[in-house]
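Let me begin by presenting the structure, written as C-alpha coordinates, before commenting on it.
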Amino acid sequence: ALVAGVIPIRVAQAQGKASKQSMKYRDKPNNGQECDKCTYFQPPGSCQVVAGTISPHGWCVAFKQKQ
(Lines give C-alpha, C1' and ligand atoms only; values in the text may rest on other atoms or scores of the structure.)
Protein backbone atom coordinates (compact mmCIF):
# COMPACT_ATOMS: atom_id res chain seq x y z
CA ALA A 1 0.00 0.00 0.00
CA LEU A 2 2.88 2.37 0.72
CA VAL A 3 4.35 1.94 -2.75
CA ALA A 4 0.97 2.67 -4.35
CA GLY A 5 0.87 5.98 -2.46
CA VAL A 6 4.42 6.97 -3.43
CA ILE A 7 4.10 6.48 -7.19
CA PRO A 8 1.24 8.98 -7.73
CA ILE A 9 3.13 11.59 -5.67
CA ARG A 10 6.27 11.23 -7.79
CA VAL A 11 4.20 11.53 -10.97
CA ALA A 12 2.44 14.62 -9.60
CA GLN A 13 5.74 16.28 -8.69
CA ALA A 14 7.22 15.53 -12.12
CA GLN A 15 4.20 16.78 -14.09
CA GLY A 16 2.73 19.45 -11.83
CA LYS A 17 -0.20 18.87 -9.51
CA ALA A 18 -2.48 15.86 -9.86
CA SER A 19 -6.25 16.12 -10.25
CA LYS A 20 -8.54 15.61 -7.29
CA GLN A 21 -10.11 12.68 -9.09
CA SER A 22 -6.81 10.88 -9.74
CA MET A 23 -5.83 11.28 -6.07
CA LYS A 24 -9.28 10.17 -4.84
CA TYR A 25 -9.61 13.48 -2.96
CA ARG A 26 -12.68 14.02 -0.79
CA ASP A 27 -13.76 16.89 1.48
CA LYS A 28 -14.04 14.66 4.56
CA PRO A 29 -11.38 12.96 6.73
CA ASN A 30 -10.54 9.27 6.44
CA ASN A 31 -10.15 7.45 9.77
CA GLY A 32 -8.65 10.50 11.48
CA GLN A 33 -6.43 11.40 8.54
CA GLU A 34 -7.12 14.88 7.17
CA CYS A 35 -5.28 17.39 5.04
CA ASP A 36 -4.28 19.77 7.84
CA LYS A 37 -2.33 16.87 9.41
CA CYS A 38 -0.54 16.09 6.11
CA THR A 39 2.97 17.12 5.07
CA TYR A 40 1.73 18.29 1.66
CA PHE A 41 -1.03 20.63 2.92
CA GLN A 42 -0.40 24.35 2.45
CA PRO A 43 -2.71 26.51 4.59
CA PRO A 44 -5.22 27.86 4.18
CA GLY A 45 -6.47 25.67 1.31
CA SER A 46 -3.93 24.21 -1.10
CA CYS A 47 -1.71 21.18 -1.51
CA GLN A 48 1.71 20.46 -3.00
CA VAL A 49 0.33 17.36 -4.73
CA VAL A 50 -3.37 17.92 -5.50
CA ALA A 51 -4.62 20.75 -7.76
CA GLY A 52 -7.42 23.10 -6.75
CA THR A 53 -8.85 24.29 -3.46
CA ILE A 54 -8.31 21.81 -0.65
CA SER A 55 -10.30 21.56 2.59
CA PRO A 56 -8.19 21.35 5.76
CA HIS A 57 -10.53 18.49 6.72
CA GLY A 58 -10.27 16.70 3.37
CA TRP A 59 -8.26 13.58 2.50
CA CYS A 60 -6.60 11.87 -0.49
CA VAL A 61 -4.41 8.84 -1.20
CA ALA A 62 -1.26 10.99 -0.99
CA PHE A 63 -1.81 11.57 2.75
CA LYS A 64 1.49 11.62 4.67
CA GLN A 65 1.33 12.34 8.40
CA LYS A 66 3.33 15.43 9.48
CA GLN A 67 6.34 14.52 11.61
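The values are calculated or read from the model by the stated rules, or taken from the named source; none is laboratory data. From a predicted model like this one, the values you see are computed outputs, not experimental measurements. Backbone-built Cβ (ideal geometry, glycine too); neighbour counts: all protein chains shown. For accessibility, only protein heavy atoms count, side chains too; no ligands or nucleic acids. Shrake-Rupley method; radii C 1.70, N 1.55, O 1.52, S 1.80 Å.
For the listed peptides 49-60, 31-42, a ranking on the average number of other beta carbons within 10 Å per residue, highest first, reads 49-60, 31-42. Applying 0.36 nm per residue to the separation of Thr53 and Gln21 and subtracting their alpha-carbon distance, the gain on full extension is 10.2 nm. Largest accessible area first, the listed residues Ser19, Ser46 line up as Ser19, Ser46 when surface is computed with a 1.4 Å probe on the assembled protein chains.
Between Asn30 and Lys64, the simple spin-label model (points 7 angstrom out along Cα→Cβ) gives 1.6 nm.
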